[in-house]
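In what follows, a structure is listed as structure tokens, so that the remarks can point back to it.
The values are calculated or read from the model by the stated rules, or taken from the named source; none is laboratory data. Note that the coordinates shown come from a computational prediction; the quantities given were computed from them, not determined experimentally. Methodologically, a virtual Cβ is constructed for each residue, glycine included, from the backbone with ideal geometry; neighbour enumeration extends over all protein chains shown. What goes into the accessible areas is simple: the full protein's heavy atoms, side chains included, and nothing from ligands, DNA or RNA. Shrake-Rupley method; radii C 1.70, N 1.55, O 1.52, S 1.80 Å.
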Amino acid sequence: MDNTNIAELLAKPYDKELAEKLYDPKKPMENRITDIGPPHYEQFFPPVIKENYGKWKSHEIVQPGVIKYVSETGAVCFAVRCGSARLITTDLIREICEIADKYCEGYVRWTTRNNIEFHVTDEEKLKALLDDLNGRKNPGGSYKFPVGGTGAGMTNIVHTQGWVHCHTPAIDASGVVKSVMDELFEYFGSHKLPAQVRVALACCLNMCGAVHCSDIAILGIHRKPPLVEDDRITGVCEIPLAVAACPLGAIKPATVEVDGEKKKTVRVNENRCMFCGNCYTMCPAMPLADGEGDGIAILVGGKISNRISAPKFSKLIIPYIPNEPPRWPSTVKVIKNILEKYSENANKYERLGDWAERIGWERFFEICDIPFTEKSIDDYRLAYDTYRTTTQFKWSVHTD
Amino acid sequence: MADVKKHDTPMVDELKSGPWPSFVDDIEQRGFNGKQACLDLLGQLELSYKHKETHWKHGGIVGVFGYGGGVIGRYSDVPEEFPAIAHFHTIRVNQPASKFYSTAFLRKLCEIWDYRGSGMTNFHGSTGDMVLLGTSTDQLEPVFFDLTHQMGADLGGSGSNLRTPSCCVGKARCEWSCIDTQDICYNLTMTFQDELHRPAFPYKFKFKVSGCPNDCVAAIARCDCAIIGTWRDEIRIDQEAVKAYMGGELKPNAGAHSDRDWGAFDIQKEVIDLCPSQCMMMDGNELKINNRECVRCMHCINVMPEALRPGLDTGATILVGAKAPILEGAQLATVALPFIKMDKDNDYEEIKDFVDKVWDWWMEEGKNRERFGELIQRQSMQEFLRRTELKPIPQMVKEPRSNPYVFWSAEEVEGGWKRDVKTFRARHAA
């Protein structure tokens with residue numbers, strides 16, 4: 001299999017029976033193609049991209065969501081960026097294909113933050129494409145392809161699976177993202193913030209998205225220690241692995257009587273549990289999820305880019321907000337408030353975390369009217385690095 | 001309407017309104033279009049909204065023959081209510097570098113997934129794969145045969161193996177890319193197919209490739225080995241364009257601040273004063289940069305893309321050990337190789353030699369589920385440098401240590417550590 005040129009292969013109609021003809025469970029290696037890797041990227045480039053590879057000279061965001069690239073050859077390419085739910089169906093992908101065939105010579109791209117990008121080379125097509133995209137709506141009225149996500153605004157929220165498809169989440173992902181993006185929609189299609197604001201959501205501490213370095217991070221947390229299923233644990237996990245899974249040594253081997261029978265199991269020192277969930281990842285007989293206990297923590301001020309200041313972690317400013325499906329109003333309100341206060345007070349080019357550091361975190365909590373609690377003081381590894389060891393601090397509501 | 005049954009989902013249905021694309025509408029429409037799995041998924045989601053807990057079981061080991069990754073088992077814990085999603089395994093398909101597609105490719109994928117799966121996907125998973133959400137065990141081999149035989153596609157990584165490498169848009173559409181991100185990503189992916197498909201590592205290992213320090217794939221925060229484009233000569237300056245920015249003819253930051261009145265562009269305040277190393281100044285009407293003092297943060301280039309461009313002696317900075325918090329806390333990546341040329345002609349030999357040494361050490365010493373960055377923490381940066389045969393340089397640390405607890409070795413000390421206590425006592429009465 002040469003997958004550097006698959007055009008001919010793709011042109012053939014899908015043969016629904018081929019796999020069953022080729023695959024014989026008794027001889028599993030027969031007809032098996034393995035280790036071919038992904039198709040070579042170049043065959044998916046629109047002509048203007050292929051012709052100007054490595055020749056791009058400059059770019060301009062001509063309107064929110066539309067970036068014009070100019071090549072040294074004089075060629076021009078407009079990239080039109082649209083938000084998406086990330087969790088999308090084959091019907092929607094086919095609709096994307098239909099648009100790409102009509103305006104973009106049959107090519108389309110996705111960004112790292114789950115936006116869809118269409119490429120056109122002339123302004124007439126650009127206008128027609130934008131009109132078309134803006135007119136496509138879901139039955140409930142939402143845009144299918146909202147244009148935006150560029151410049152000093154808010155782009156798509158990177159997020160995880162949540163209750164839609166994960167076994168360890170403390171919160172849903174898609175529902176929270178939809179609720180937050182609905183409320184902050186105006187910032188997706190505009191450039192009125194001081195700098196870009198990157199919001200990310202992870203539905204548990206495993207953090208399958210890079211929420212630990214986001215301007216605003218929405219993080220699912222557990223608050224009840226794991227249950228232990230004594231009657232099941234030896235059948236589904238190895239006890240030493242469960243014990244070793246705990247970073248705080250809070251899990252110890254134990255023997256208990258179940259229905260008059262001695263069984264090997266574990267016990268959890270609940271006072272030492274920090275609810276990381278690593279034990280459940282290693283052992284299915286130690287579930288943490290709990291409707292009352294689980295909820296959202298908000299962290300802010302992280303960044304990834306090396307621009308002006310170094311990349312940095314997001315900091316925990318709100319330790320817990322209850323799960324409020326289907327619209328998570330408390331979470332949405334908190335995020336909107338932080339975004340608005342940042343927008344009113346930060347300097348041009350200043351990221352949220354740089355703003356908070358410039359004014360001081362005491363002032364950040366004051367301006368955003370967020371109560372400071374002991375939960376925001378670190379007590380894990382390297383905690384001391386975050387303590388204030390100078391007499392330089394500001395007077396704020398906390399000292400008045 | 002096909003023969004499908006919609007569950008009563010009043011809470012989930014509330015997510016149809018509002019301007020942002022509704023995943024509920026999309027999935028429900030696909031359901032009405034003949035996919036009971038879609039409607040069952042929304043039904044189970046409604047139950048989760050009611051209980052505020054997930055209804056997916058823990059794990060289940062499934063896969064395709066000869067691979068140890070790429071498929072993740074998933075089962076509903078309420079299969080009687082939602083039989084169409086009783087088995088709902090995930091298949092990760094390795095994306096083409098930087099995620100350009102032809103519609104022919106996507107349509108074929110849709111046909112396979114409509115026929116053999118739920119019709120639901122993630123475009124894309126966090127690591128970068130195309131994620132096919134939801135099929136049963138008996139369909140895994142046929143999906144794999146369809147992908148390889150009819151699409152020229154292959155699975156991505158999962159478990160304790162090399163995860164699917166990913167990269168930014170790079171030279172395909174960005175003037176700042178200092179390295180050929182797609183080619184590097186593709187080359188590493190093809191070179192390490194065995195490591196990608198057959199778990200043999202202590203835990204996951206990720207490569208990400210960004211073309212410049214803006215780092216659009218978040219390599220510095222997310223991956224064990226970050227390859228980030230940079231340069232070591234001079235920022236290219238077009239003084240006429242600098243004047244055009246100062247005169248207001250060109251929009252600062254390529255128009256990124258267009259919807260707010262920030263006043264007239266002020267190069268001193270917006271560029272020179274914000275430079276982290278203070279290496280720029282205006283000399284009359286000319287912008288001067290002391291490139292030796294530049295830390296390549298990209299701010300000036302981002303603000304004046306028509307006037308400033310990265311230099312021409314380009315390569316990559318290699319940083320290692322980033323990860324999310326589980327277990328020892330989140331880590332950003334640490335500078336390992338300040339600069340290497342990313343040379344296509346020698347098949348990126350230099351980075352591969354380095355990676356070999358990293359993997360040798362990690363596979364020998366790494367504990368189960370210990371990320372590479374955690375091994376460095378546990379055994380020290382010094383041990384990392386010894387194992388990878390790197391010379392310690394100040395670029396690897398933010399500042400020198402402030403405690404004096406140096407682990408001297410006997411060889412470093414005159415006369416070694418063998419001493420005679422009697423001789424000591426001959427000089428010093430007890």
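Counting Cβ atoms of other protein chains within 10 Å of each residue's Cβ and taking the mean over peptide A:294-302 gives 1. Rounded to the nearest 10 degrees, the inclination of helix B:36-51 to the longest alpha-carbon principal axis of chain B is 70 degrees. Working value for the range B:241-392: equivalent-ellipsoid semi-axes of 41, 19, 14 Å, each the square root of 5 times a Cα gyration tensor eigenvalue, largest first.
What translational D, rounded to a whole number of µm²/s, comes out for the range A:197-247 from Stokes-Einstein when the hydrodynamic radius is the Kirkwood one over Cα pairs, at 37 °C and 0.692 mPa s? Estimated diffusion coefficient is 244 µm²/s. Packing, as the average of other Cβ atoms within 10 Å across residues, places the peptides A:53-60, A:210-217 in the order A:210-217, A:53-60, highest first. Among A:G235, A:G162, A:G151, the residue with the largest mean-square fluctuation in a Gaussian network model of chain A, with springs joining Cα atoms closer than 10 Å, is A:G235. Restricted to Cα atoms, the range B:236-309 shows a radius of gyration and a Dmax of 11.6, 36 angstrom. Heavy-atom accessible area for A:F393, with the other protein chains in place and a 1.4 Å probe, reaches approximately 100 Å². Look at the stretch B:107-113: the mean tally of other chain Cβ atoms within 10 Å of its residues' Cβ atoms is 6. Each residue of the range A:289-305 is assigned a 3J(HN,Hα), and the resulting list reads 3, 7, x, 7, x, 7, x, 10, 10, 10, 10, 9, x, x, 7, 10, 4 Hz, derived from the Karplus form 6.51 cos²θ - 1.76 cosθ + 1.60 (θ = phi - 60°), x at Gly and Pro. Between B:R401, B:R198, B:R236, the Gaussian network model of chain B with springs among Cα atoms under 10 angstrom shows the greatest mean-square fluctuation at B:R401. Between B:E81 and B:L390, full extension at 0.36 nm per residue minus the direct alpha carbon distance yields a gain of 105.4 nm.
Across the range B:1-46, Cα-Cα pairs more than 14 Å apart make up 42 percent of the total. Across the range B:33-153, C-alpha contacts under 8 Å between residues 6 or more apart give a mean separation that, scaled by the residue count, equals a relative contact order of 23 percent. Largest first, the three principal axis extents of the alpha carbons in the range B:87-132 are 31, 24, 12 Å in whole numbers. For the set B:K352/B:K391; A:K50/B:K35; A:K125/B:K35; A:K68/A:K303, the pairs lying more than 29 angstrom apart at their alpha carbons are A:K50/B:K35; A:K125/B:K35. Taking every C-alpha pair closer than 8 Å and separated by at least 6 residues, the mean separation divided by the residue count of chain B gives a relative contact order of 10 percent. Look at the Cα gyration tensor of the range B:10-150: its axes a ≥ b ≥ c give a/c of at least 1.5 with a/b at or below b/c, and that counts as oblate. Here's how it looks for A:S58: its modeled amide H is under 5 Å from those of A:V70, which are all 5 or more places away or on a different chain. Normalised by 2.2 N^0.38 Å, where N is the number of residues, the C-alpha radius of gyration of the range A:306-400 stands at 1.19. Taking only the C-alpha atoms of the range A:139-194, the Rg (one decimal) and the largest Cα-Cα distance, Dmax (whole number), read 13.1, 39 Å. When only the Cβ of Lys, Arg, Asp and Glu is charged (+1, +1, -1, -1), the dipole of the protein assembly as shown relative to its Cα centre reaches about 1580 debye.
For a label point 7 angstrom out from the Cα of B:E240 toward its Cβ, which stretches of the range A:45-80 have the backbone nitrogen within less than 20 Å? Backbone N within reach: A:56-60, A:70-76.
Averaged over the residues of peptide B:394-401, the number of Cβ atoms from other protein chains lying within 10 Å of each residue's Cβ is 0. Here the label points at A:E344 and B:E249, each 7 Å from Cα along the C-beta direction, are separated by 4.0 nm in the simple model. Quote the FRET efficiency, to the nearest 0.05, computed for A:R388 versus B:R401 with a Förster distance R0 of 22 Å and r equal to the Cβ-Cβ distance. With a Förster radius of 22 Å, E is 0.50. With the whole protein complex present, A:S305 retains an accessible surface near 10 Å², based on a 1.4 Å probe. Backbone geometry of the range B:338-355 corresponds, through the Karplus equation with coefficients 6.51, -1.76 and 1.60 at θ = phi - 60°, to 3J(HN,Hα) couplings of x, 7, 9, 6, 9, 9, 4, 5, 9, 6, 6, 4, 4, 5, 5, 4, 4, 4 Hz, x marking Gly and Pro. Over the residues of chain B, the helix contribution to mean residue ellipticity at 222 nm works out to -8000 deg cm²/dmol, using -39500 (n - 2.57) for each DSSP H run of at least 4. Take the Cβ atoms of A:T234 and A:N271, set R0 to 30 Å, and the FRET efficiency comes out at 0.70. Each helix, a run of at least 4 DSSP H residues, gives -39500 (n - 2.57); summed and divided by the residues of chain A, these come to -7000 deg cm²/dmol at 222 nm. Our analysis of chain A gives Rg over Rh at 1.03, with the two radii drawn from alpha carbon positions and Rh computed by the Kirkwood formula. Among the helices of chain A, none built from whole DSSP H runs has Cα atoms reaching 15 Å or more along its own axis together with a mean Kyte-Doolittle hydropathy of at least 0.5.
Taking 7 Å steps out from each Cα toward its Cβ at B:E411 and B:L312 produces label points 4.5 nm apart. Rounded to 0.05, the FRET efficiency of the A:E51 and A:K16 pair, given R0 = 56 Å and the Cβ-Cβ distance, is 0.90. The relative contact order of the range B:167-322, computed from alpha carbon pairs under 8 Å that lie at least 6 residues apart in sequence, is 30 percent.
In whole percents, the pair-distance distribution calculated for the protein assembly as shown from its alpha-carbon pairs, binned every 20 Å from zero, is 15, 49, 31, 5, 1, 0.
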